[in-house]
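Before any comments, here is the structure.
Computed from the coordinates by the stated procedures, all read-outs in this text should not be read as laboratory data. Since we're looking at a predicted model, the values are computed, not measured. Don't worry about glycine lacking a Cβ; one is built from the backbone with ideal geometry, like all the others, and counts go over all protein chains shown.
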Ligand SMILES: Cc1cc2nc3c(=O)[nH]c(=O)nc-3n(C[C@H](O)[C@H](O)[C@H](O)COP(=O)(O)OP(=O)(O)OC[C@H]3O[C@@H](n4cnc5c(N)ncnc54)[C@H](O)[C@@H]3O)c2cc1C
Ligand code: SF4
């Protein structure tokens with residue numbers, strides 16, 4: 001622990017960002033930077049607790065050695081901080097930017113003071129490591145002769161591929177999109193995660209020996225995640241992968257968007273799943289800086305975003321950058337409390353009201369937070385001047401009350417029409433969107449997810465494993481990395497009889513198996 005009194009001397013200063021009214025003029029990252037002294041002060045706030053809840057359940061899912069690198073940053077030993085960080089996290093440049101930081105919710109200082117800015121420090125360490133040239137391809141010094149196929153190139157597939165390659169296996173990643181990265185590439189928008197950072201990491205993995213095959217649709221079938229028909233993809237036969245490889249990891253995500261098919265007017269033009277909007281925007285941005293026009297344009301439109309999570313926020317931020325006329329984010333939920341309540345005890349998720357980047361931008365541009373709570377969508381209504389196109393949303397207000405310890409909502413009968421020439425459904429995902437792959441591999445599924453135990457990752461079919469959102473349902477990048485690392489260890493064990501690959505929760509597992 002660098003400075004015993006640090007937490008009393010310095011206030012929390014999370015990662016700064018560019019002013020909202022400036023950054024909405026472009027799609028560059030929203031972040032600004034702290035200077036080195038500020039980061040050292042923030043590191044000094046860490047109390048190096050005897051039991052570091054931040055780095056164990058329910059904190060960081062990959063067991064990042066948080067108090068260690070907080071102390072190293074305080075002392076100015078950035079290279080060692082990077083070495084410690086890279087022991088547990090394959091991609092800190094992604095989590096340091098967009099992880100919701102369950103570690104900070106679990107920070108002991110957070111019980112009665114603002115938590116340590118763990119995520120900002122993580123981001124600063126990895127950015128510095130890249131600038132200094134400390135991050136280099138990790139080419140294994142021997143090859144085992146074993147071959148592993150990874151299907152899907154999101155954070156779960158990439159983390160597994162990285163680990164398996166380090167263990168000396170020959171890894172090929174098959175991706176149906178034209179670019180590698182999964183939702184890191186075509187889900188999370190550029191202003192939250194620059195796509196150059198994803199490509200930089202993929203280049204390192206390629207140099208380390210991993211083979212990437214794009215436009216490769218394993219099992220065929222149409223994607224439901226916004227890319228549409230995938231005309232240029234080559235269909236790969238799952239049986240071929242089973243014949244040619246010693247193990248196959250399914251890391252295909254949970255990309256089937258939840259819909260509102262039952263609502264009147266769903267078929268009107270101008271009503272889209274959020275992923276159609278976000279996917280096409282990023283692809284057009286990368287292909288042509290939006291000059292090819294192959295995206296859904298919100299310019300001049302009143303936009304309604306249904307759903308209050310990360311995806312909804314990303315739709316708000318994107319619509320504002322397109323130059324929408326207004327943006328309203330409706331959610332059935334009640335507004336979160338300002339302080340932790342009895343339903344959200346420490347050290348679990350705080351569940352408090354939070355202003356994300358898109359909300360701040362909406363407030364700066366339109367003088368009001370875009371969020372409206374307790375609103376139930378009832379119907380998409382046709383624009384009388386434009387037959388076939390949506391013009392309004394009909395909604396009903398809900399009343400939320402807590403009864404017998406449970407929150408319940410009741411419709412109030414207050415119905416109104418909101419102008420909406422573009423409606424985006426960001427109400428979650430129901431599971432994988434690749435039924436033909438699942439059918440051809442013959443793996444067991446449940447609720448749209450492939451069945452496999454966490455920590456084991458073996459499916460019902462020999463040699464076939466599953467990790468990430470396809471196994472646990474739509475989740476977070478840090479969980480995808482955790483699952484990719486865990487699956488890599490399980491595969492390595494099965495291929496070699498034992499494994500030295502580290503995986504999350506391993507210390508705990510080893511201790512309990514040792515009795
Ligand atoms: C808009 C949006 C914003 C988000 N923001 C955040 C955030 O801020 N922070 C956070 O932690 N998490 C966020 N998430 C969640 C996070 O992105 C996911 O949990 C994570 O990417 C899941 O990783 P994965 O590797 O399991 O799958 P994915 O990233 O979904 O990757 C799966 C890949 O498999 C490919 N694939 C599927 N089927 C096939 C097939 N048959 N053949 C070949 N390839 C196939 C897909 O094309 C895709 O590239 C966000 C999600 C969305 C949608
Ligand atoms: S990966 Fe997420 S949970 Fe883990 S230390 Fe970083 S911000 Fe915290």
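Report the gain in length on full extension from residue 417 to residue 500: 0.36 nm times residue separation, minus Cα-Cα distance, nm rounded to one decimal.
23.9 nm
Calculated from DSSP H runs of 4 or more alone, at -39500 (n - 2.57) each and per residue, what is the 222 nm mean residue ellipticity of the chain, nearest 500?
Rounded to the nearest 500, the figure is -10000 deg cm²/dmol.
Would you mind ranking 390, 305, 135, 148 by Cβ crowding within 10 Å, fewest neighbours first?
By the 10 Å Cβ count, ascending, the order reads 135, 390, 148, 305.
Can you sort 134, 447, 69, 78 by how many other beta carbons sit within 10 Å, fewest first?
Taking fewest neighbouring Cβ atoms as first place, the list is 447, 134, 78, 69.
Report the FRET efficiency, 1/(1 + (r/R0)^6), for residue 1 and residue 389, where r is their Cβ-Cβ distance and R0 is 60 Å, rounded to 0.05.
Calculated transfer efficiency: 0.45.
Test of understanding: what is the full-extension gain from residue 213 to residue 266, defined as 0.36 nm times their sequence separation minus their Cα-Cα distance?
Going from the current span to full extension adds 15.4 nm.
Which order do 198, 22, 443 fall in if you start with the one that has the fewest other Cβ atoms within 10 Å?
With the sparsest Cβ surroundings first, the list reads 22, 443, 198.
Provide the gained length on full extension for the span residue 343 to residue 462, in nm with one decimal, where the gain is 0.36 nm per separating residue minus the Cα-Cα distance.
Additional length available on full extension: 38.7 nm.
Quote the FRET efficiency, to the nearest 0.05, computed for residue 139 versus residue 244 with a Förster distance R0 of 25 Å and r equal to the Cβ-Cβ distance.
Using R0 = 25 Å, I get an efficiency of 0.60.
Counting only the backbone N, which residues of region 321-363 are under 18 Å from the spot 7 Å out from the Cα of residue 38 toward its beta-carbon?
It comes to 357, nothing else.
Taking the highest mean first, how do the peptides 40-50, 116-126 order by number of other beta carbon atoms within 10 angstrom per residue?
Order by mean packing, descending: 116-126, 40-50.
Hey, what's the Cα Rg ratio for region 301-423 versus the globular rule of thumb, 2.2 N^0.38 Å?
Compactness ratio reported: 1.17.
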